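The values are calculated or read from the model by the stated rules, or taken from the named source; none is laboratory data. Worth saying up front: this structure is predicted, and the values here are computed from it rather than measured. Quick reminder, even Gly has a Cβ in these numbers, built from the backbone with ideal geometry, and neighbours come from all protein chains shown. Just the protein is used for accessible areas: all its heavy atoms, side chains included, with ligands, DNA and RNA removed. Shrake-Rupley method; radii C 1.70, N 1.55, O 1.52, S 1.80 Å.
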Amino acid sequence: MLNNVAYSKCQLSHFWFLIFSIEPAGCNDGSCVIWDFGTRGIAKVLGDEECSSPVTSICWSKYGHQILVSAVDKSLTLWDVMTGKKITRIVLQQTPLQARLHPGSSTPSLCLVCPISCAPMVVDLNTGNTTLLKIYVSETCDGPNPSSHSKCFDGITSFTSSAACFNKCGNLVYVGNSKGEILIIDYKDGEVCAMVPISGGSVVKSILFSRNGQYLLINSNDRTIRIYENILPLKDEVSALNELGENFNDLNGVEKFKAIGSKSLTLIREIQDTINRVQWKAPCFSGDSEWVVGGSASKGEHKIHIWDRAGHLVKILEGPKEALIDLTWHPVYPLVLSVSLNGIIYIWAKDYTENWSAFAPDFIELEENEEYIEREDEFDLIPETEKVKVSDVNEDEEVDILAFEKDATFSDSDMSLDELYFLPASPTRDVPEKQETCSKSPSKMVDCNNTGPSPSEEAGPNGNVTNHASTPLQDDAGGRMKRKRKPSEKVLELQAEKVNKPPKPTKSAKSKCKSSADQDNGNGFSGDDPYDK
């Protein structure tokens with residue numbers, strides 16, 4: 001569970017071990033926090049004074065060097081992940097709900113934006129120019145039908161809800177509108193190439209492709225998730241659509257677009273909860289496109305449903321009683337991230353059971369004891385069975401430890417040679433701890449030092465100053481006062497006898513020396529020590 005600040009959106013990087021351990025999260029304060037999955041700590045924070053509005057979406061670039069952040073203040077901000085500096089910032093006329101960078105460029109300058117109440121648009125981040133896309137096809141194909149509701153600032157008719165996404169290579173844009181249609185558009189010339197009607201004609205809430213580009217997922221307002229298979233080739237789709245258009249020259253208008261669409265996408269599965277009729281939130285594919293995950297849009301519950309691609313429900317994950325607002329699947333590992341309404345990111349992982357036999361492949365777990373008969377050469381240094389085997393490994397071949405084979409699952413691109421593998425850590429200076437004082441504050445420390453009598457002087461009972469160095473009460477090394485020792489009766493008798501006897505000169509001087517020594521040692525004796533005799 002990641003709970004640093006209130007998060008609103010999350011998206012995993014396209015690169016996971018190497019930089020798969022980086023996961024950005026958009027916050028309500030406009031900043032973008034990149035978490036490191038290896039250390040479970042913050043790797044970098046992207047933000048400045050201009051970015052102070054809540055984040056609506058975030059998107060990694062193709063190689064992971066850049067991050068695009070859209071916010072409520074109608075801004076698009078492109079950040080450099082390595083340096084943490086802002087590359088560019090553009091303010092639109094509408095609030096962007098979703099923004100996606102072009103997937104076919106290592107340094108993308110184009111992005112696809114889906115505003116709140118306007119048609120999807122392609123934005124040039126270098127110049128700030130925007131190109132609105134068509135989101136419907138008129139029956140006569142002579143131009144857009146007039147409509148009196150939901151118009152953009154430039155007067156082009158649009159519907160209140162629309163979703164769009166690039167295909168894998170970024171040659172085409174797939175748009176889902178409120179009439180329950182999927183439009184395939186060539187964004188370079190803005191022309192509609194094909195159309196696929198959705199059964200029921202319900203509003204399309206979200207649309208996205210799988211990582212391999214073979215499947216398209218549609219989330220509609222009729223509480224149904226639909227999976228389409230992409231029949232077009234993964235490369236040069238525009239040429240394939242042009243060839244299909246030539247094959248249907250005998251048709252005109254919408255019928256021609258529907259005929260081309262039937263050869264482009266095929267519906268293979270519909271997923272829905274027929275009992276509870278749940279609305280789905282942020283459905284997506286797994287990294288290998290074999291699983292589909294979707295969150296419940298009901299308030300007060302944090303449930304995540306997992307299906308296989310055939311539509312069978314496999315697992316239901318139940319979290320805290322907090323509404324789910326965003327969901328994403330890890331590109332490689334079986335990990336799911338969900339964001340709650342309270343701004344907490346929850347990490348869902350597979351519960352692994354300990355299998356001790358995995359440490360020794362030849363080890364077999366037995367439920368009951370069995371009699372074991374050893375082989376004749378089992379404990380030989382070189383068993384006879386191994387002498388017969390011939391090694392297929394060429395021991396003279398040099399092993400290359402620098403180069404590594406490319407794994408297609410670690411990147412969306414077939415030519416990824418410049419990924420961002422890691423983020424350098426910048427150490428921060430520790431805050432020095434404050435020294436403890438006797439009173440914890442300067443004012444009290446002054447009072448502690450200045451109040452009370454001097455440690456070496458104290459007024460006696462008659463007002464005379466008494467020196468503690470010559471009194472029986474003396475300070476020891478630890479600052480404690482020694483109690484005066486009371487002499488015994490025998491000592492008092494001996495002292496009384498000495499007083500009655502006339503002292504000798506030599507004895508008197510010796511007695512004074514001993515008495516001074518006793519007082520200096522703090523033993524409380526004023527005369528000779530009886531034990532010296």
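Condition check for Ala259 on (1) open to solvent by 20 Å² or more (accessible area, probe 1.4 Å); (2) without any contact (Cβ under 8 Å) to a residue 24 or more places away in the chain: one failure, at (1).
Within segment 284-293, track down each residue that is farther than 20 Å from Val173 by Cβ and either open to solvent by less than 80 Å² (accessible area, probe 1.4 Å) or in contact with a strand residue (DSSP E or B) (Cβ under 8 Å, 6 or more places away or on another chain) (or both). I'd like the intermediate steps shown before the answer.
First pass over segment 284-293, keeping only residues farther than 20 Å from Val173 by Cβ: 286-293.
The answer is Ser286, Gly287, Ser289, Glu290, Trp291, Val292, Val293.
Scanning segment 204-227 finds no residues that are surrounded by fewer than 21 Cβ atoms within 10 Å (Cβ to Cβ), over 32 Å from the mean Cα position of the chain (by Cα) and of a type in the set (S, T, N, Q). Could you say whether any residue in segment 16-28 is open to solvent by less than 60 Å² (accessible area, probe 1.4 Å), out of contact with any Gly (no Cβ under 7 Å at 6 or more places or on another chain), part of a strand (DSSP E or B) and at pLDDT 85 or above? No, every residue in segment 16-28 fails to be open to solvent by less than 60 Å² (accessible area, probe 1.4 Å), out of contact with any Gly (no Cβ under 7 Å at 6 or more places or on another chain), part of a strand (DSSP E or B) and at pLDDT 85 or above. Among the residues of segment 311-328, those that are open to solvent by 40 Å² or more (accessible area, probe 1.4 Å) and not charged (D, E, K, R) comprise His312, Leu313, Val314, Ile316, Pro320, Ile325.
Looking only at segment 29-78, which residues are crowded, with 19+ Cβ neighbours inside 10 Å, outside any loop (DSSP other than H, G, I, E, B) and charged (D, E, K, R)? Within segment 29-78, Lys44 is the sole residue that qualifies. Under the condition of being touching a residue at least 24 places away in the same chain (Cβ under 8 Å), touching a Ser or Thr at 6+ places or on another chain (Cβ under 9 Å) and surrounded by fewer than 19 Cβ atoms within 10 Å (Cβ to Cβ), the residues counted in segment 263-283 number 6. Taking residues in segment 104-116 that are on the phi > 0 side of the Ramachandran plot, and partners anywhere that are assigned to a strand (DSSP E or B), not one pair has Cβ atoms closer than 8 Å while being at least 6 places apart or on different chains.
Every listed requirement among (1) of a type outside the set (S, T, N, Q); (2) more than 26 Å from Lys188 (Cβ to Cβ); (3) surrounded by fewer than 17 Cβ atoms within 10 Å (Cβ to Cβ) is met by Val81 save one, (3). Considering only residues in segment 72-87 that are β-branched (Val, Ile, Thr) and more than 21 Å from the chain's Cα centre (by Cα), the one that is nearest to Val45 (Cα to Cα) turns out to be Ile87.
Where strands (runs of 3 or more DSSP E) fall entirely within segment 177-229, those with at least 1 residues that are farther than 20 Å from Lys256 by Cβ are at 204-209, 215-220. Looking for something under 20 Å from the mean Cα position of the chain (by Cα) and over 25 Å from Thr56 (Cβ atoms) - is there at least one such residue anywhere in segment 290-304? For segment 290-304, residues under 20 Å from the mean Cα position of the chain (by Cα) and over 25 Å from Thr56 (Cβ atoms): absent.
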